[in-house]
Amino acid sequence: MSDPRFELGASIWGFYKGQPRETWPTLDASVASILSLDPSLGVELWASKALDAPAVESQELRALVEASGKAGFVTVHVRGVFWTWDPALLRKEVDFARAVGGRLVVLHPVCLGLKRPRDRMDVPEIRRLAEYAASQGVLLAIENVRDSQWVLDRILDVFGGDPKESNLGICLDVGHAHLSRDVEGDRVRAYLERYADALVHLHLHDNHGERDEHLAVGEGTIDWSSALQTLRRIGYRETAVLEVHGSGAPPLEALEQSLAVLCA
């Protein structure tokens, strides 16, 4: 494999998810750890160390802003407590992204009220949310979960496939694509090709095609050579973060292993 041609970074979530609480660093320290591997890396932030914890404030937030300002780029993932349709709370996540210099916020479809095909979207309010995010310089990126073609297609049908116009793009989670059964053959390649025009962000992690393991790159059965070749073919030049927290290795070691595979 050749070096990836997109902007590469890592999520801080691997320093908390599945790790003993006594080992949890401050959020700014997790950013510093990622940048210790390569100061050009980007970071994906969560506003707290646990899904249901309150967002950092005051001195903690200032420290996080300072640390993140040294990263190649900053993106933000919506906290688990907001994995429901609540536009007021989502605006707070947009505000957090603006505060830390984040260029986009990653949302799960359930954040827009879409969990099952029969669910309805509040289209006018979603448009207002996207417009508010745009006014703050923040792009909204909808992440695929397992078997997500129905929901991604629906969002693009309603809001259009040009993120520059709608301020809604797609975050393609490679691990989730590998788990999906709504495509045949090379599932990752199929998802990348299907949503190429709307892609604004990537989540990179591995699994064995059965469970969402979030392994280090190369530890599962994803064909990374094919994935990188597909990304080159579709001309992907945006951001991508490693979202690794299930390999069993220390967080920094798992990230370093993943970078070695991607940049071999």
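Since every read-out is calculated from the coordinates, none of them should be taken as a lab result. Source: prediction; values computed, not measured. Here Cβ is always computed from backbone atoms with ideal geometry, including for glycine, and neighbour counts include all displayed protein chains.
Could you please report the charge total around Leu41, scoring K, R as +1 and D, E as -1 over all other residues with beta-carbon less than 12 angstrom from its beta-carbon? The answer is -3. Counting neighbouring Cβ atoms within 10 Å and putting the fewest first, the residues Leu41, Leu140, Leu112 line up as Leu41, Leu112, Leu140. Dipole orientation for the range 96-205: of the candidates Gly185, Trp150, Leu129, Leu129 has the Cα lying most toward the positive pole (charges on Cβ; Lys, Arg +1; Asp, Glu -1).
Please rank Cys263, Cys111, Cys171, fewest neighbouring Cβ atoms within 10 Å first, as an exposure proxy. Show your work: numbers first, answer last.
Working: Cys263 12, Cys111 24, Cys171 30.
Sorted ascending by nearby Cβ count, the order is Cys263, Cys111, Cys171.
Each listed q (0.13 Å⁻¹) maps to a log10 I(q)/I(0) for the range 108-226, found by the Debye formula over equal Cα scatterers with no solvent: -0.51.
Set the Förster radius R0 to 25 Å, insert the Cβ-Cβ distance between Val81 and Glu60 as r into 1/(1 + (r/R0)^6), and round the FRET efficiency to 0.05. Kindly include the intermediate steps, with their values, before the conclusion.
Details: r = 17 Å, r/R0 = 0.70.
Taking R0 as 25 Å, the efficiency between Val81 and Glu60 is 0.90.
Computed about the Cα centre, the dipole magnitude for the range 138-264 is approximately 280 debye when only Lys and Arg (+1) and Asp and Glu (-1) carry charge, each at its Cβ.
Simple point charges give the picture: +1 on the Cβ of Lys and Arg, -1 on the Cβ of Asp and Glu, and for the range 7-262 a dipole about the Cα centre of about 460 debye. Taking K and R as +1 and D and E as -1, what net charge do the other residues with C-beta under 15 Å from the C-beta of Asp52 add up to? Its environment carries a net charge of +3.
Estimated from helices alone, the mean residue ellipticity of the chain at 222 nm is -11500 deg cm²/dmol (sum of -39500 (n - 2.57) over DSSP H runs with n ≥ 4, per residue). Counting Lys and Arg as +1 and Asp and Glu as -1 over every other residue whose Cβ lies under 12 Å from the Cβ of Ala196, the net charge comes to +2. Going by neighbour counts of Cβ atoms within 10 Å, the residues Asp206, Asp52 line up, fewest first, as Asp52, Asp206. Ranking Thr75, Ala50, Ala63 by Cα position along the charge dipole of the range 1-84, where only Lys, Arg, Asp and Glu carry charges on their C-beta atoms, puts Ala50 farthest toward the positive end.
Shown here for the range 167-264: GluC sites (Glu not before Pro) in loop regions (DSSP other than H, G, I, E, B) with at most 16 other Cβ atoms within 10 Å, namely Glu184, Glu210. What is the distance in Å between the Cα centroid of the range 133-184 and that of the range 213-241? Taking the Cα centre of the range 213-241 as reference, the centre of the range 133-184 is 17 Å away.
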